[in-house]
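Q: I'd like to ask some things about the structure below.
The values are calculated or read from the model by the stated rules, or taken from the named source; none is laboratory data. Computed from a prediction, not measured in an experiment: that's the story for all the values here. Every residue, glycine among them, receives a Cβ derived from its backbone with ideal geometry; neighbour counts consider all protein chains shown. Heavy atoms of the whole protein, side chains included, go into the accessibility calculation; ligands, DNA and RNA do not. Shrake-Rupley method; radii C 1.70, N 1.55, O 1.52, S 1.80 Å.
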Amino acid sequence: MKTKTSGVPLAYRLAVTSRVVAAALGGYAVAALASVCLAWVLPMAQAQGVITSMMLGFVVYLAAALWCFACRSAWRAWAAMLGCALVLGVLDAGLYWAHLR
Amino acid sequence: MLVSALLCYAGFMALCLAMQKHHASLVGRQGAPGLLRALRWAGWCLLGLSPWPAMAAQGWAFGLVQWCAVLMASAGLLVWLLPYRPRLAVGLAGVCVIAGPAGALLAGFG
Amino acid sequence: MREGFRQAMAWLHTWAGLLFGWLLFAIFLTGSLTYFRQELNRWAHPEVLYQQAGTPESLASAQAFLEKHAPGAPNWLIIAADERLPVLTLYYRQTSESGRGSLVETVVDPRSGEAVQARDSRGGEFFYRFHYELEMGYPWGRWLASLAAFVMFVTLVSGIITHKKLFKDFFTFRPGKGQRSWLDGHNALGVLALPFHLMITYSSLVIFMTMTMPASILSRYDGNTRAFFNELFPATAGMGDTAQRQAPMLPLPALYARYLALVPGGQVGMVSVDKPGTASATATFTPKVGARVAYLPGGGVTLNAVDGSVVRGLAAEPVPQRVAGGFYGMHMGRFAGPVLRWLYFISGLAATAMIGTGLVMWLGKRLLKHAGATVQPFELRVVGALNLAGMVGLVCAVAAFLCANRLLPLALAGRASWEVRVFFLVWLASLLHALWRPNGAGWLQQLSAAAAMLLSVPVLSQFATSRGLAVTLPQGDWAVAGVDLACAGFGLVLAWLARRVWRRALQARAEQAPPRAVRIKREAH
């Protein structure tokens, strides 16, 4: 299944696009959820923990984005992003609920 | 800052000369493994010592920032000079090897 | 898997670098210029005669001006004069009839207390704001710039991973070898200044992190971001609340004396007076920004403005806040003296050139593949045009902005906006020209245009203003003279580059000529 403009197959283009979206949006979600987790867990004053979590968030975003392009397929990229997001999401919900009690 | 820069430049030149390909083109003949190893040690020692003059003069924060800046600048100057003016590059390192430690001692006693 | 990983990172580096390269080039070039923002501000307002005044005198001038023009304002902000820009910058909110306030900014002479009269120009502030707001509305410009910063982060790290011989090729630079030289140059610019590139990129993300990574604030503070900022900056906690009954405040010089008693030898960078003229007025004295590496707004000593008692003294910030402030401060380099400032500028230009060499290589490699073809593929023509307009065109736009500052009539309404319009119009013109002529001839023409404009800047300063080099050099006014001299210097560099492009084109044409002559001879027989 080849496109007209060049010899690059459509499947390849879709895979690349998929990885880009996984890295950009999925990666951000993972980073944000990780920063929330860190903010609850870090043993320091509230505002200081938040600051640290925000700074580390970008490092997590970088790692996630690089992973999305390093892994063997676009499916794996999405699996990794969604999997991490799920685990972190559950963790965050738990930490928040524990704080409420 | 200047003394740190001198030590950085000398250190980088030593590390450069410790590489066979650069040694051969700069010195004109292959370097003995012992010489190359000595140069590598000297280079790392000079680089390791180079932050201290800046930090001693300006405090650890300003000193570290200044040291980073001259570290990058001296490496850049060296790499720029190497293909165009290799003898100047090496000569400058010779000056730095003397002026650097001398400057550090003077600053220490001044 | 190993080789696959490096290859994947190389692919990512190539494409992320291309797609965001033009935007990042513009951000890094204008960002580099920002290190001389105050000098550009001074250069852009040559009519201003700067007078030095001591802190008590300048605070008294500021207070006199503010009491006259903004007696009922909720907050006064006084940015103290410093060596690089010896004027007071005052901010206050002015409520109009509709009730909506606007922030008024006035530049005041510290000795006379009068507003400084100068030509309407944004000067260095234009480059400063452009590099993080891209002249786009709030908050879109910052979001795009932050996205570009993150892509830069990805591109840098993927580049490091890809560069197999980082240590082996540390000192390697082989000029005059075509694509190999471009790669050596790109690698050298990247590796040798790597601490700067990583610092500037990561710190730019930290600066806007409360906007771009707010999840933890919202989660920990239940969506109450105000509570987060109040915890960080307790001095600002009471600001903005409605004022109470009137009460005269102590003169600022007297309050400054109280501040000095607490912080001996402390130099003031900023004074913020909250609810002036009321019983709950406070004055917050913030130390000079350049006194430390870290940039930590919101600190300082807060005094009760009516009786001078201490509301809040200086407190050492906790480590995480200091780390974040350290990144912010390292990015801005406000503490840098002249030598370090030049090193910051050169490092910024190195990053800009690293991006530029990358863009040139991306195209060069693919043009080589199509070397035999008579017609370039459309995409490569577009990339070529974007490279030319994005790099040389941008320099043309900067040069035109500086020329416009000297040439536009002083009485022109909206003069400052017109200078900015000239910048964008020239940039657009360079893009149209580049689309028409993306290759050698286009580069020669735009490089020559940029060189001509930059070389004309000191000439224009001399003949269109009263502060050309003939005046500023003997006076030792290095801020203004420096801008003129730097323009001349960079103009010469661009002229030299233009000459190289021209000579290479002549060489290429000479190499092509004999085969064509042979073909014609053969056809004639």
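Q: Does the stretch C:483-497 contain at least one residue that is of a type in the set (Val, Ile, Thr), more than 29 Å from C:Ala385 (Cβ to Cβ) and open to solvent by 40 Å² or more (accessible area, probe 1.4 Å)?
A: no
Q: What's the total number of residues in the stretch C:215-233 that are more than 17 Å from A:Leu42 (Cβ to Cβ) and either facing chain A (nearest Cβ under 8 Å) or among the small types (Gly, Ala, Ser) (or both)?
A: Adding up the residues that qualify gives 2.
Q: Next question. Could you list, in sequence order, all residues of the stretch A:54-101 that are part of a helix (DSSP H, G or I) and basic (Lys, Arg)?
A: Matches in the stretch A:54-101: A:Arg76 only.
Q: Another question, if that's okay. May I ask you to list the residues in the stretch A:53-65 that are without any contact (Cβ under 8 Å) to a residue 24 or more places away in the chain and more than 7 Å from every other protein chain (Cβ to nearest Cβ)?
A: A:Leu56, A:Val59, A:Ala63
Q: Then there is this: Restricting attention to the stretch A:75-86, does a residue exist that is exposed (fewer than 14 other Cβ atoms within 10 Å of the Cβ), more than 12 Å from chain C (Cβ to nearest Cβ) and within 27 Å of C:Tyr221 (Cα to Cα)?
A: Yes, there is a match, as at least one residue in the stretch A:75-86 is exposed (fewer than 14 other Cβ atoms within 10 Å of the Cβ), more than 12 Å from chain C (Cβ to nearest Cβ) and within 27 Å of C:Tyr221 (Cα to Cα).
Q: Would the stretch C:418-436 turn up any residue that is more than 19 Å from C:Asp120 (Cα to Cα), in contact with a Lys or Arg (Cβ under 9 Å, 6 or more places away or on another chain) and surrounded by fewer than 18 Cβ atoms within 10 Å (Cβ to Cβ)?
A: yes
Q: Residues that are of a type in the set (Phe, Trp, Tyr) and in contact with a Ser or Thr (Cβ under 7 Å, 6 or more places away or on another chain): find the helices (runs of 4 or more DSSP H) completely inside the stretch C:382-489 holding 3 or more of those.
A: none
Q: Another question about this same structure. Please state which one of C:Ala81, C:Ala8 is of a type in the set (A, V, I, L, M) and free of Cβ contacts under 8 Å to residues at least 24 places away in the same chain.
A: C:Ala8
Q: A further question follows. Residue by residue through the stretch C:1-27, note down the ones that are at pLDDT 95 or above and more than 11 Å from chain A (Cβ to nearest Cβ).
A: C:Thr14, C:Gly17, C:Leu18, C:Phe20, C:Gly21, C:Trp22, C:Leu23, C:Leu24, C:Phe25, C:Ala26, C:Ile27
Q: Name every residue in the stretch C:259-285 that is open to solvent by less than 20 Å² (accessible area, probe 1.4 Å) and of a type in the set (A, V, I, L, M, F, W, C), in order of residue number.
A: Answer for the stretch C:259-285, where residues must be open to solvent by less than 20 Å² (accessible area, probe 1.4 Å) and of a type in the set (A, V, I, L, M, F, W, C): C:Val268, C:Val271, C:Val273, C:Ala281, C:Ala283, C:Phe285.
Q: Return the residue satisfying two criteria in turn: it lies in the stretch A:39-52 and is more than 7 Å from chain C (Cβ to nearest Cβ) and over 13 Å from C:Tyr221 (Cα atoms), and of such residues it is most open to solvent (accessible area, probe 1.4 Å).
A: A:Pro43
Q: Okay, next question. Which one of C:Gly113, C:Gly185, C:Gly190 is open to solvent by less than 40 Å² (accessible area, probe 1.4 Å), away from every other protein chain (no Cβ under 14 Å) and either in contact (Cβ under 8 Å) with a residue 12 or more places away in the chain or within 30 Å of C:Leu407 (Cα to Cα) (or both)?
A: None of the others qualify; the one that does is C:Gly113.
Q: Hey, C:Ala385 hits all of (1) open to solvent by less than 50 Å² (accessible area, probe 1.4 Å); (2) touching a residue at least 60 places away in the same chain (Cβ under 8 Å); (3) within 20 Å of C:Ile27 (Cα to Cα) but one; which does it fall short on?
A: Of (1) open to solvent by less than 50 Å² (accessible area, probe 1.4 Å); (2) touching a residue at least 60 places away in the same chain (Cβ under 8 Å); (3) within 20 Å of C:Ile27 (Cα to Cα), only one is false for C:Ala385: (2).
Q: State which residue is farthest from the other protein chains (Cβ to nearest Cβ) when the search covers only the stretch B:6-34 and only residues that are assigned to a helix (DSSP H, G or I) and touching a His at 6+ places or on another chain (Cβ under 8 Å).
A: B:Leu17
Q: Still on this structure: State whether one or more residues within the stretch B:43-52 are among the hydrophobic types (A, V, I, L, M, F, W, C) and either surrounded by fewer than 16 Cβ atoms within 10 Å (Cβ to Cβ) or part of a loop (DSSP other than H, G, I, E, B) (or both).
A: Yes.
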